[in-house]
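Notes follow the structure.
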Amino acid sequence: MLIILVFTMTQPVPYSEIYKYDFKAVAIILSFIYGSKRVGFAAFMALLVVAIFTDQRLLILLGSYTVFCLLLIPVTSAFHQYRIKGKVIVISLFYMMIPITRGIFLLLKGDYKQTIFEFSSSLIVLATLIVIIYLIENMNEQFEMKNELIRMEKMNVVSQLAASVAHEIRNPMTSVRGFMQLMLKENLTKEQQMYINISIEELDRAQGIINQYLALAKPQIEQYETIDLTSVIHQTIDVMHSYAILNSIHISQQVESSLEVEGLKLEIQQLLINIIKNAIEAIKSEGEIWISAEKNSDGFVSIRIKDNGFGMTEDQLKKIGNPYYSTKEKGTGLGLSVCYQIVKQMGGKIMIKSELEKGTCFIINLPSKN
């Protein structure tokens, strides 16, 4: 963007001493919508620096582009809520404010010739901006498809592994656990009882991991049914309430009534329990979890589970949901993999927003039944 700014501002199309036309607006807009506020304002500062060394009116640029950049902040937030066509419409409507307002000013001055020049040059800039957005969005979509293929390959490996060894492992584990429980009935020392109890706990943990492998591997054969999601969320919160109290964590909830989705009740409960449990374990102590659910205008039910835990870095966010990756010391990453699998089978999507030392928010969008 800095290179574009330098080249476009040093080679403008001059109409008069005051009005010079170039593509600097394209660089500023792209910096905000595909970079961040920091990147956008860095481009704005670069624009002012370049203006000092070129034949540009610094005060006019400072005034107009300060307003331009401030308006871009809410536009950027709206931009990322839409698909590619919606994004093009949002940016087009925003950018056309410039030639429309300037055109009205020129018409009031009676400068009809420059008004035509203003609109024609603005259409060229807008066409350039739309083409660049299409290219970037298509490239991002290709990256997402590539990552999805890699993830599916990993899931396939996990499924094959689970199908081949899980059942064979469970049988001897059940026998070992049974014999250990019988040994507890013998006259053992406290130290021996402690060792056996630890062994039983570790066997149970291994059993839980195997169950998660099987959940990833088993095909979806059950018939979906209409589920009262509001009731399921309340029941799940009640189940997790005692675990939260043990960790000095308060759960707040705001759930709309009469929310319905199509799916399997046990799977949705497993999905919610896994994410709420992760949220509790992400908080050191005396934290809070906020759970909300509402129906959106796009026909999806949105469930938000937010905590004020230690959060995650951008690099961790990219890996979350992959088998074998976990931010917990003893985690396997299979719990969230199961969650992603359940939501995908229901035709929904999971999004994660997180900031280090501030917390994480899971947003689960599921197709609404009603």
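The values are calculated or read from the model by the stated rules, or taken from the named source; none is laboratory data. Small disclaimer: the values here were computed from a predicted structure and weren't measured. Neighbour counts are summed over all protein chains in view; Cβ atoms, including those assigned to glycine, are modelled from backbone coordinates with ideal geometry. Accessible surface is based on the protein model in full, side chains and every heavy atom, while ligands, DNA and RNA are left aside. Shrake-Rupley method; radii C 1.70, N 1.55, O 1.52, S 1.80 Å.
Do you know which residues across segment 277-334 are assigned to a helix (DSSP H, G or I), surrounded by fewer than 17 Cβ atoms within 10 Å (Cβ to Cβ) and at pLDDT 85 or above? Hits for segment 277-334 are LYS277, GLU281. Just to be sure, is LEU126 surrounded by 11 or more Cβ atoms within 10 Å (Cβ to Cβ), without any contact (Cβ under 8 Å) to a residue 40 or more places away in the chain and within 25 Å of ALA27 (Cβ to Cβ)? So LEU126 fits the description; yes. A search for C-beta distances below 6 Å between a residue of segment 235-248 that is among the small types (Gly, Ala, Ser) and any residue that is in a helix (DSSP H, G or I), counting only pairs 6+ apart in sequence or on different chains, returns ALA244/ILE280.
Applying the condition of being in contact with a Phe, Trp or Tyr (Cβ under 8 Å, 6 or more places away or on another chain) and of a type in the set (A, V, I, L, M) to segment 352-365 and asking which residue is most open to solvent (accessible area, probe 1.4 Å) yields LEU356. If you go through segment 39-62 and keep only what is at pLDDT below 90 and surrounded by fewer than 16 Cβ atoms within 10 Å (Cβ to Cβ), you end up with LEU48, VAL49, ILE52, PHE53, THR54, ASP55, ARG57, LEU58, LEU59, ILE60, LEU62.
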